[in-house]
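K.L.:
Here it is, the structure, as structure tokens.
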Amino acid sequence: MGKIEGHMLRKIIGNKIEYLFGYLEPFLPDHRIVPNILTFTGLGINLIGALLFFEGFMKAAGIVILFAGLFDILDGAVARARNLATKIGAFTDSVVDRYSDFVIFGGILAYYIKNGDLTYSIVLLFVISGAFLISYIRAKAELIIPKCDVGLMERPERIIVLALGCLFDMLKPALWFLAIFTHITAFYRIYYTIKVYKKDQPE
């Protein structure tokens, strides 16, 4: 099984944003605060999305989380374009991403609990656990191998699947898709980590 890239979408969009940012940079606020402002603005917008999910406004929520996703990509692009990328910045961004995941899926879970839908409450638990395992496995894997960004269900892909499900009245199929493929990605990362680790060990 070859390596399946999981960061391609973020990389492609991020590169386009960095290119555009080169033209906009002189007009933006103080460079010392922009990346963190973008990071936490994205979280704030996701909180609005979570509230919309809870109230059942699924299409509006889909639009909101797509908009918030732009901030998730833009913060890193801005930091790199201004040579402000740091380990603590990457750490902060990763932590805030996990909070954003939690509030988004938590809002949907609360909606199904409120409406007494046990089946999709359970499906949401699988989605949440899969999403968190993807990032957790990567963090642990990169303690023993150089890189573990493989798989196809990283955060940008999850947000796009979820948002499209909302916009096209296919939220439930989207949740099933996420419940299955987040765990496939998690298991693939486990497999990939073990394979690379064993390959690098002396005979």
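The values are calculated or read from the model by the stated rules, or taken from the named source; none is laboratory data. Note that this is a predicted model, so its numbers are computed, not measured. Counting neighbours? That spans all protein chains shown, and the Cβs are built from the backbone with ideal geometry, glycine included.
K.L.:
Within segment 186-203, how many residues are of a type outside the set (A, V, I, L, M, F, W, C) and without any contact (Cβ under 8 Å) to a residue 24 or more places away in the chain?
P.N.:
So the answer is 6.
K.L.:
For segment 77-92, check the following and say yes or no: at least one residue is closer than 18 Å to residue 161 by Cα, in contact with a helix residue (DSSP H, G or I) (Cβ under 7 Å, 6 or more places away or on another chain), in a helix (DSSP H, G or I) and not small (Gly, Ala, Ser).
P.N.:
Taking every residue of segment 77-92 in turn, none turns out to be closer than 18 Å to residue 161 by Cα, in contact with a helix residue (DSSP H, G or I) (Cβ under 7 Å, 6 or more places away or on another chain), in a helix (DSSP H, G or I) and not small (Gly, Ala, Ser).
K.L.:
Consider residue 57 against the criteria (1) modelled with pLDDT under 85; (2) within 26 Å of residue 162 (Cα to Cα): it satisfies all of them except one. Which criterion is unmet?
P.N.:
(1)
K.L.:
Could I ask something else about it? If I ask for residues that are within 21 Å of residue 157 (Cα to Cα) and hydroxyl-bearing (Ser, Thr, Tyr), which ones from segment 109-147 would you list?
P.N.:
Across segment 109-147, the qualifying residues are 120, 129, 135, 136.
K.L.:
Let me ask something else about it. Answer yes if at least one residue in segment 126-134 is over 13 Å from the mean Cα position of the chain (by Cα) and over 20 Å from residue 50 (Cβ atoms), and no otherwise.
P.N.:
No, every residue in segment 126-134 fails to be over 13 Å from the mean Cα position of the chain (by Cα) and over 20 Å from residue 50 (Cβ atoms).
K.L.:
Is at least one residue of segment 156-164 of a type in the set (Lys, Arg), farther than 19 Å from residue 50 by Cβ and out of contact with any strand residue (DSSP E or B) (no Cβ under 8 Å at 6 or more places or on another chain)?
P.N.:
No, that holds for no residue.
K.L.:
Need the failing condition index for residue 187 against (1) under 30 Å from residue 52 (Cα atoms); (2) under 19 Å from the mean Cα position of the chain (by Cα); (3) among the hydrophobic types (A, V, I, L, M, F, W, C), just the number.
P.N.:
All conditions pass for residue 187, except number (1).
K.L.:
Next question. Any chance you could count how many residues in segment 33-47 are farther than 13 Å from residue 77 by Cβ and modelled with pLDDT of 90 or more?
P.N.:
Of the residues in that region, 7 qualify.
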